[in-house]
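Please treat every number below as a calculation from the coordinates, not as lab data. All figures in this text were calculated on a predicted structure; none of them were measured in a lab. Positions of Cβ are generated from backbone atoms using ideal geometry, with glycine treated the same way; all protein chains shown enter the neighbour counts.
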Amino acid sequence: MERTTCCVVGGGPAGMVLGLLLARAGVAVTVLEKHGDFLRDFRGDTVHPSTLALLEDLGLAERFARLPQRRVTTVQLPLGPARSLVTVGDIGSLRGPYNYIAMVPQWDLLDLLVDEARREPSFSVRMSTEATSFLTERGRVTGVRYRTSDGRTGELRATLTVACDGRSSLARSLPELGLRTFSCPMDAWWFRLPRQEGDPHGLVGGAGEQFLTAMIDRGEYWQCAALILKGTDGRRRAEGLEKFMADFTAAIPWLADRVHTLRSWDEVKLLDVRLDRLRRWHRPGLLCIGDAAHAMSPVFGIGINLAVEDAVAAARCLVEPLRRGDVGLRDVRAVQRRRWPTTAGTQTLQRFAHKQVIEPVLTGQPPFGDARRAKRIMERITTSRWLNRVPAYFLAYGALRERPPAASVR
Ligand SMILES: Cc1cc2nc3c(=O)[nH]c(=O)nc-3n(C[C@H](O)[C@H](O)[C@H](O)COP(=O)(O)OP(=O)(O)OC[C@H]3O[C@@H](n4cnc5c(N)ncnc54)[C@H](O)[C@@H]3O)c2cc1C
């Protein structure tokens, strides 16, 4: 029988950070990742100041700084006249060494974390291994059944199983965890355009005819995300790629010389944007964190950050019980209790941005519509240097800063 102390399902940001922190604290941990590598481009790239500070605590700041990256110091939304971009968070104005968001392809960050974790004797990662169902005994989750890409199957038993397998998590099939979904006004198209010398750097946004775009500078190319009204993908595709490219160029004229490199709709992937959270993140023997517990909207680009913070909080609450080999319901409940206000608060702000900014812009209306008070508050925030630091701090560190357990720090 295969056994470990903590079985982590999913090697995304939440799973890899949790695996590294627990292994450094001497806990036997096995991460199961269904893909053979981390090289998927259908991912976000933002590494926020809270994660940069974590990497420093873990002694990884220098290695991280050597990764190819771009730095972004402001977050902007299309709130100005003719929907021009207005700064809603000036992270550059914050004190401290990490007053920027680093744009690093997620696979580079994950490779760094897994390399570091592999130095720990109590860590193991099994790539190309998919958890297919939970093992249960008298109501307690005792591990997982898995299948490898070459068709082999097996069972891995564990004192605790942590679901870090994203928004289609296996755990979401458990009815007692109760999924609460919120309506989302948009979906996203995800495609690439070449970058050229003289282009701007970092994160570039724009608003066009019923779409919003954010483009991530990945060195040789722009990873573009275009937000469109939910449910309009089929209709807009039927209107033709040419029409979309003309709209896109009207919004961002300096891309006119290369939009033709996009040859077919096959190169434009659709992301079904979702906003939801589990009412309960746990049951005996099982904890859910990251997107598995709460899928975030792309607004504020904060999903990776929250997933990492969940993992840090989980490591802090669980290192001692895992070392003792006795993880009770109280221990896993403590993780949800700690992370709930930040998660629910962030989702409330995202829903506010959906209703007051995204939906109006995508339907050709002015942001905020009749909500004059909200508009006034927003104007005060965006025009005052001091008030601007509040959203900046929130974007940088979230509502609650999480510190890794002392045993994981180097
Ligand atoms: C196109 C796109 C763009 C985004 N842009 C941004 C952004 O700019 N900034 C930002 O902060 N967030 C962004 N996000 C959201 C962000 O990527 C997620 O919030 C974050 O990755 C969540 O981390 P996670 O570890 O919880 O889950 P995931 O990153 O989803 O990782 C889950 C992992 O589990 C693995 N897995 C799944 N099922 C199983 C199984 N049964 N067995 C084993 N392994 C399994 C998957 O292969 C994956 O590696 C974006 C998301 C998408 C899709």
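Data overview
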| item | result |
| --- | --- |
| Amide H within-cut-off set for residue 143, under 5 Å, with H built and near neighbours excluded | 135, 158 |
| The stretch 171-232: proportion of alpha-carbon pairs further apart than 17 angstrom, % | 55 percent |
| Cα centre as origin, Lys/Arg/Asp/Glu Cβ charges: the stretch 186-271 dipole, Debye | 240 debye |
| Projected label distance in nm at residue 210 and residue 197, using a 7 Å step from Cα toward the beta-carbon | 4.1 nm |
| Global geometry of the stretch 1-67, whether rounded, prolate or oblate, following the gyration tensor of its Cα atoms and the 1.5 cut on a/c | oblate |
| Sequence of 142, 148 once ranked by neighbouring C-beta atoms within 10 Å, starting from the fewest | 148, 142 |
| Global size of the stretch 203-251 as Cα Rg and Dmax, reported in angstrom | 11.4, 33 |
| 288, 224 arranged by Cβ crowding within 10 Å, fewest neighbours leading | 224, 288 |
| Computed helical MRE - 222 nm, the chain, DSSP H runs ≥ 4 contributing -39500 (n - 2.57), nearest 500 | -9500 deg cm²/dmol |
| Total lysine pairs whose alpha carbons fall under 23 Å of each other in the chain (8 or more apart, or interchain) | 6 |
| Estimated FRET transfer efficiency when R0 is 45 angstrom, pair residue 324-residue 67 (beta carbons, to 0.05) | 0.75 |
| Relative contact order [Cα under 8 Å, 6+ residues apart], the chain, whole percent | 23 percent |
| FRET efficiency estimate (nearest 0.05) - Cβ-Cβ, residue 179 to residue 263, R0 56 angstrom | 0.90 |
